[in-house]
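What follows is a set of notes on a single structure, which appears directly below.
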Amino acid sequence: MSVKAADREDAARASDRLQVLQARRNRRWLWLFWLLIGPGILVMLGENDAPSMLSYAATGSQFGIGFFIPFIIFTFFLAFIAQEITVRLGAVSKAGHAELIYRRFGRFWGNFAMGDLLVTNLMTLVTEFVGVVAGAGYFGIPAWAAVLGAIIIISCAYSFRRYWSWERMVMALAAFNLIFIPLAIMAHPNWGEVAHATLTWSPLPGGSSSNTIIILLSDIGATITPWMLFFQQGAVSDKGLSIRDVFQGRLDTGIGAILAALTAIAAVIATAPLYIHHMNASQFGGAQFAQALVPYIGHVGGAMFALGIMEAGLVAATTISTSSAYAYGEVRRQTHSLNSSFKGAKSFYGMLFLTLIVTGGVVVIPHFPLEYVVIIVNVIAVLTMPPAIGFLLILVNDKEVMGEHRNGWFLNVLGIGVGVFVSLAGIVYALTVIFPSLHL
């Protein structure tokens, strides 16, 4: 990192920290919270990406609301447990996730974690652009125009060369994820049944059929993935959160989890009419879901659904590409901050734009096997989560890294529980995909 780039980065972060200090000194708690929120909300709403929202839509259309509303709440609780750890790691260590792995486990494991993340993120980014193209297709927008427009919008967020400005712009875009909530209301559900489904846990519909297991595990993969760890810890470090800010960081993450869970449940409720009317939506994409829902939520509702899928892909593409750039810069020991200029952080911004251009370009290749990529991404994302949780738990229990802020026994039980649950889910998911005729 050049001295000039470091000076710019430190000056920008110091300016933000001065506002935080003044707000805390003057006991302006709401303003303090506003200054400190961001990474948690972005990581949770960012994980409500295009494939995730389509997974929730498929859930509602094929199985209704019974089992899956409390199940979605449960998965977001697990996500909160994992992401709360990244808040403490980032605030205490002032380092990103890949950097800590590099420092704690050595060059090999640092490069392994970075390489694993980059490969998974590249394939995941392809699915985000698939979602953007699918949503745009509802409005008759050609694929190349949808991809180009998405890259331009995402690039605008980085043009500020300021973490604070980037964060606020992406948060404004992420707020559109809540568009699925009015869609749920427009579907006119039986709210008594919704309340009953929330407070009771109905049996798993379809038993242990292959399709049911895949939907179940796809919803897990829609909530907990490795890029979330790298993004939020990198964002906490880039934002400059300190140990005193951990409470606000937890609150930020908790609010993000609640908003994301509400949106996911809303997508299930909005598409439940397809289940009630026995429509086969197992192979639907974004535009097809929007068109199929028109008889139940109207043309405006269909357009809102398509816009929601596009927004989900845009926000996720932004956050996932940023997590890749953070990891690359951390392991390569080069400038990796959104407070840096393009000239001062060429490799950081280069990685950002390279991943966007490559993955966006793949989507417009004629006859490219996009469905195959989506399946592989889901399998890899679930299978790579257990080692990611393992690294996370070792780091948060490292006395040299965390000091008095390392995990206690209760938090370790919760963290290990998340790891065991995701590991079992990964094994079952892999077996189901590889051996579709197997009954588990």
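State whether one or more residues within the range 54-71 are modelled with pLDDT of 85 or more, within 16 Å of the chain's Cα centre (by Cα), of a type outside the set (V, I, T) and buried (at least 24 other Cβ atoms within 10 Å of the Cβ). Checking the range 54-71: at least one residue is modelled with pLDDT of 85 or more, within 16 Å of the chain's Cα centre (by Cα), of a type outside the set (V, I, T) and buried (at least 24 other Cβ atoms within 10 Å of the Cβ). Would it be correct to say that A303 is touching a residue at least 12 places away in the same chain (Cβ under 8 Å) and either at positive phi or surrounded by fewer than 21 Cβ atoms within 10 Å (Cβ to Cβ) (or both)? Here the answer is yes, as A303 does meet what is asked. Restricting attention to the range 99-129, the residues that are within 20 Å of V377 (Cβ to Cβ) and of a type in the set (G, A, S) total 2. Every test in (1) closer than 30 Å to A12 by Cβ; (2) of a type in the set (A, V, I, L, M); (3) surrounded by fewer than 24 Cβ atoms within 10 Å (Cβ to Cβ); (4) touching a Ser or Thr at 6+ places or on another chain (Cβ under 9 Å) is passed by A292 save one, and that test is (1). Output the residues belonging to the range 158-176 that are assigned to a helix (DSSP H, G or I), more than 18 Å from the chain's Cα centre (by Cα) and in contact (Cβ under 8 Å) with a residue 60 or more places away in the chain. Listed by number, the residues that qualify are Y158, Y163, W164. Suppose the filter is buried (at least 17 other Cβ atoms within 10 Å of the Cβ), out of contact with any Asp or Glu (no Cβ under 9 Å at 6 or more places or on another chain) and either among the aliphatic types (A, V, I, L, M) or at pLDDT below 85 (or both); does I215 pass it? Answer is yes for this residue. Any residue that is crowded, with 21+ Cβ neighbours inside 10 Å, under 29 Å from R333 (Cα atoms) and at pLDDT 80 or above - is there at least one of those in the range 3-14? No, that holds for no residue.
Among the residues making up the range 312-340, those that are surrounded by fewer than 24 Cβ atoms within 10 Å (Cβ to Cβ) and not in a helix (DSSP H, G or I) are R332, R333, Q334, T335.
When I220 is tested against (1) more than 14 Å from the chain's Cα centre (by Cα); (2) modelled with pLDDT of 80 or more; (3) within 15 Å of F68 (Cα to Cα), exactly one condition is not met: (1).
The values are calculated or read from the model by the stated rules, or taken from the named source; none is laboratory data. Everything numeric here is computed off the predicted structure, so don't read it as measured data. No Cβ is skipped: glycine too gets one built from the backbone with ideal geometry, and neighbour counts run over all protein chains shown.
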